[in-house]
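A.B. asks: I am attaching a structure below and will ask some questions about it afterwards.
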Amino acid sequence: MTDRTALEQLTPDNSVLLFIDHQPQMAFGVANIDRQTLKNNVVALAKSAKVFGVPTFITTVETESFSGYTWPELLDVYPDAALLERTSMNSWDDAKVRDAINGSGRRKLILSGLWTEVCINSAANSAMLDGYEVYVVADACGGTSKDAHDYSMLRMIQAGIRPLTWQQTLLEWQRDWARREHYDEVMAIVREHSGAYGMGVDYAYTRVHGAQQRGQWRGSVRK
């Protein structure tokens, strides 16, 4: 029988987001995805959550002794975040993390982190055992090889965990283009982080709708 909660849309009111160990030493080991692309996707996901007011938490592991400081680009989205430092590879072992997620009052837990096969897999499985509906943003996670990431995702999917991409998450939160409250902010994220889609939006804005070109350039075209 299908778990009907898997058919429910993510909304800004039913989601909580957890970033796990976006730190330099962990990124050094990532091999399944280009690391600059990974950073782009993580930052885009963070901006998306902030636009929609989704409760967001950031965990770190062994910051001073091994892993290094959280990516500045992620912290720039949440400059006042209280980082949840731990020693366990499984974030769910740490009471601070569990209490933060429990305190959100939401049951749809979205995960992004490093490495997929260790810190994401263990936290996802443990949270599911505690009754959470767990979603993993696959293109905002990194593993130590393509196989490590892919088989970890497969293992989690077999257990009932739900895979997403960052852009899918953003557009699911938006849901309807008639909702204008966050439209401009969503489009700003898309234009900066969504590759060809974002380029298409820039083209439509400037060439179809006559908008000013985005960015700081105010020069001229010499013919």
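A.B. asks: Taking the Cα centre of region 4-54 as origin and charging only Cβ (+1 Lys, Arg; -1 Asp, Glu), how large is the dipole, in debye to the nearest 20?
C.D. replies: The calculation lands at about 120 debye.
A.B. asks: Starting from the amide H of residue 113, placed 1.01 Å from N in the peptide plane, find each other amide H under 5 Å away whose residue is 5 or more places distant or on another chain.
C.D. replies: Long-range HN contacts for residue 113: 20, 141, 142.
A.B. asks: With every protein chain present, what is the per residue accessible area of region 108-223 (1.4 Å probe, Å²)?
C.D. replies: 55 Å²
A.B. asks: For the chain, modelled as a Gaussian network with Cα springs under 10 Å, which listed residue fluctuates most, 208, 134, 16?
C.D. replies: With Cα springs under 10 Å in the chain, the top fluctuation among 208, 134, 16 is at 208.
A.B. asks: State the percentage of accessible surface on the chain attributable to carbon and sulfur atoms; use a 1.4 Å probe and exclude ligands, DNA and RNA.
C.D. replies: C and S fraction of accessible area: 52 percent.
A.B. asks: With viscosity set to 1.306 mPa s at 10 °C, what whole-number translational diffusion coefficient in µm²/s follows for region 103-180 from Stokes-Einstein and a Kirkwood radius over Cα pairs?
C.D. replies: The Stokes-Einstein estimate is 122 µm²/s.
A.B. asks: Please list 3J(HN,Hα) in residue order for region 89-100, calculated via the Karplus relation 6.51 cos²θ - 1.76 cosθ + 1.60 where θ = phi - 60°; whole Hz, with x for glycine and proline.
C.D. replies: Going residue by residue, I get 5, 9, 4, 5, 6, 8, 4, 4, 5, 4, 5, 5 Hz, with x marking Gly and Pro.
A.B. asks: Now for a different question. Give or take rounding to whole Å, what are the principal axis extents of the alpha carbon atoms in the chain, in descending order?
C.D. replies: Over the chain, Cα extents along the principal axes are 62, 43, 35 Å.
A.B. asks: A further question follows. What does the net charge come to around residue 116 if you take all other residues with beta carbon closer than 12 Å to its beta carbon, with K and R at +1 and D and E at -1?
C.D. replies: It works out to a net charge of -3.
The values are calculated or read from the model by the stated rules, or taken from the named source; none is laboratory data. Computed from a predicted structure; not experimentally measured. For neighbour counting, all protein chains shown are included, and Cβ atoms are generated from backbone atoms with ideal geometry for every residue, glycine included. Remember, those area values only see protein heavy atoms, side chains included, never the ligands or the DNA or RNA. Shrake-Rupley method; radii C 1.70, N 1.55, O 1.52, S 1.80 Å.
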